[in-house]
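The values are calculated or read from the model by the stated rules, or taken from the named source; none is laboratory data. Note that this is a predicted model, so its numbers are computed, not measured. Methodologically, a virtual Cβ is constructed for each residue, glycine included, from the backbone with ideal geometry; neighbour enumeration extends over all protein chains shown.
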Amino acid sequence: MTGNGGDRLPAASRRLVEVCCDESGSDGENLTGGNTDVFAHASVRLPVPVAAAYVQEIRDRIRSPASEYKANHLLREKHRAVLEWLLAPSGPIHGTAQVHLTEKAYFVVDRAVDLLLDDATRALPLFRQGRDLFGDERWREFLQAANQLLRVRNYGEPEAPVDAFFHTVGALRPMAAAGEVAETLGRIAAARSRADSYRAALPTLIPVLNPLLPAIVATAAYWSAGGAAVRIVHDRQNMLTPERIAWIEERARRSGIRLAGVHLVVSREDPRVQLADFLAGIARKIASDELNGRGDPALTQLLRPYVDPASVWGDEASWILLGPGCAAPSANINSAV
């Protein structure tokens with residue numbers, strides 16, 4: 001790793017890497033109708049005193065009376081210079097931070113296709129061609145129906161989400177003509193029994209639609225790529241119960257990832273988590289703007305080195321700008337869920 005952040009840990013400690021994490025953009029299981037269209041999970045690797053000094057420097061540069069700083073302070077136009085300093089190649093976290101991005105709409109399609117076909121590689125072609133083939137309104141209906149099919153919390157008749165989803169699929173099939181998308185929809189239409197089985201035994205422990213858990217696994221994979229064991233320090237939140245942490249650790253072990261444990265802290269008590277909170281919020285906003293065609297080229301370029309190549313991203317045009325030198329993100333990063 002390079003940059004002003006550098007590798008500040010002594011050689012003896014490189015066998016165990018401790019990274020601190022936070023997220024931005026959580027809307028629970030409402031991924032197609034929530035407040036955000038991007039989920040960002042950021043991690044920072046710095047010693048506590050160094051991180052504390054940088055948090056204080058941010059406060060000194062912004063000079064806000066707020067007792068707790070958030071990413072929105074840095075995203076204000078009047079603090080643009082501070083934001084650019086934070087992300088710059090010569091800045092404090094370059095080379096010591098990472099962000100895993102999830103495009104929520106694609107996440108829904110990926111999870112639905114994998115559930116019904118046990119083959120998530122078909123999700124990306126369907127996602128990238130769907131809006132053009134079916135139009136905005138019908139594609140939005142499909143996304144919402146897929147979201148309702150997968151979410152644990154649903155109201156009304158138990159079979160209603162399944163009926164609605166397959167009704168939507170039936171309406172789309174004649175419009176797909178021939179080709180890969182038509183074949184995928186045909187296979188989905190024949191997978192009603194899988195959907196019924198899923199709704200009959202909903203996975204409440206590990207919700208299929210929550211991107212946080214696979215993002216933590218992906219973060220551990222990123223930081224352990226050089227062979228080090230990774231200990232994750234994460235902002236405390238209700239989703240990270242002891243049972244789910246045990247699932248994360250087991251999933252990492254089965255995937256060959258050297259995860260040495262997940263420890264929860266209160267964000268305001270750990271400056272490293274505060275820096276991760278800044279990066280997550282900043283990355284979510286920059287990525288969402290790029291996804292919606294209103295990106296800031298300078299900020300997107302500054303964010304690019306931090307983006308995990310294994311991010312869950314379906315939109316091709318924005319990924320070309322956001323992705324760190326990759327043509328496309330990993331096809332099925334969420335198959336662990």
Looking only at residues in region 51-67 that are charged (D, E, K, R) and either in a loop (DSSP other than H, G, I, E, B) or farther than 18 Å from ALA97 by Cα (or both), which one is modelled with the lowest pLDDT? ARG63
Can we say GLY314 is of a type in the set (Gly, Ala, Ser) and assigned to a loop (DSSP other than H, G, I, E, B)? yes
Top-ranked residue of region 30-46 - restricted to ones that are within 15 Å of LEU150 (Cβ to Cβ) and polar (S, T, N, Q), ranked as surrounded by the fewest Cβ atoms within 10 Å (Cβ to Cβ): ASN30
Of those in region 128-137 that are over 25 Å from the mean Cα position of the chain (by Cα) and in contact (Cβ under 8 Å) with a residue 40 or more places away in the chain, the residue surrounded by the most Cβ atoms within 10 Å (Cβ to Cβ) is PHE134
When you check ARG140 against the structure, is it in contact (Cβ under 8 Å) with a residue 40 or more places away in the chain, assigned to a helix (DSSP H, G or I) and assigned by TED's automatic domain parsing to the domain that holds ARG194, yes or no? yes
Looking at (1) outside any helix (DSSP H, G or I); (2) at pLDDT 95 or above, which is the only condition LEU172 fails? (1)
Using the structure shown, decide if VAL109 is outside any helix (DSSP H, G or I) and within 21 Å of the chain's Cα centre (by Cα). no
For region 311-334, enumerate the residues that are at pLDDT below 50 and under 15 Å from ASP114 (Cα atoms). SER330, ALA331, ASN332, ILE333, ASN334
In the set ALA195, ALA146, which member is buried (at least 17 other Cβ atoms within 10 Å of the Cβ) and under 22 Å from ASP37 (Cβ atoms)? ALA146
If you scan region 225-251, which residues turn out to be without any contact (Cβ under 8 Å) to a residue 40 or more places away in the chain, touching a strand residue (DSSP E or B) at 6+ places or on another chain (Cβ under 9 Å) and of a type in the set (Val, Ile, Thr)? ILE245, ILE248
I'm told ALA178 meets every condition in (1) more than 25 Å from ASN147 (Cα to Cα); (2) outside any loop (DSSP other than H, G, I, E, B) except one. Can you identify the failing condition by its number? (2)
Hey, any hits in region 267-276 for a residue that's in a loop (DSSP other than H, G, I, E, B) and farther than 21 Å from VAL55 by Cβ? no
Note on region 158-167: residues in a helix (DSSP H, G or I) and either more than 21 Å from ASP118 (Cβ to Cβ) or in contact (Cβ under 8 Å) with a residue 60 or more places away in the chain (or both) are ALA160, ASP163, ALA164, HIS167
Kindly provide the set of residues from region 51-108 that are buried (at least 20 other Cβ atoms within 10 Å of the Cβ) and charged (D, E, K, R), ordered by number. GLU103, LYS104
Identify the single condition in (1) among the charged types (D, E, K, R); (2) more than 21 Å from the chain's Cα centre (by Cα); (3) under 30 Å from VAL230 (Cβ atoms) that ARG63 does not satisfy, given that it satisfies every other one. (3)
Residues in region 300-310: is at least one more than 15 Å from the chain's Cα centre (by Cα), over 30 Å from PRO47 (Cβ atoms), at pLDDT 95 or above and among the aliphatic types (A, V, I, L, M)? no
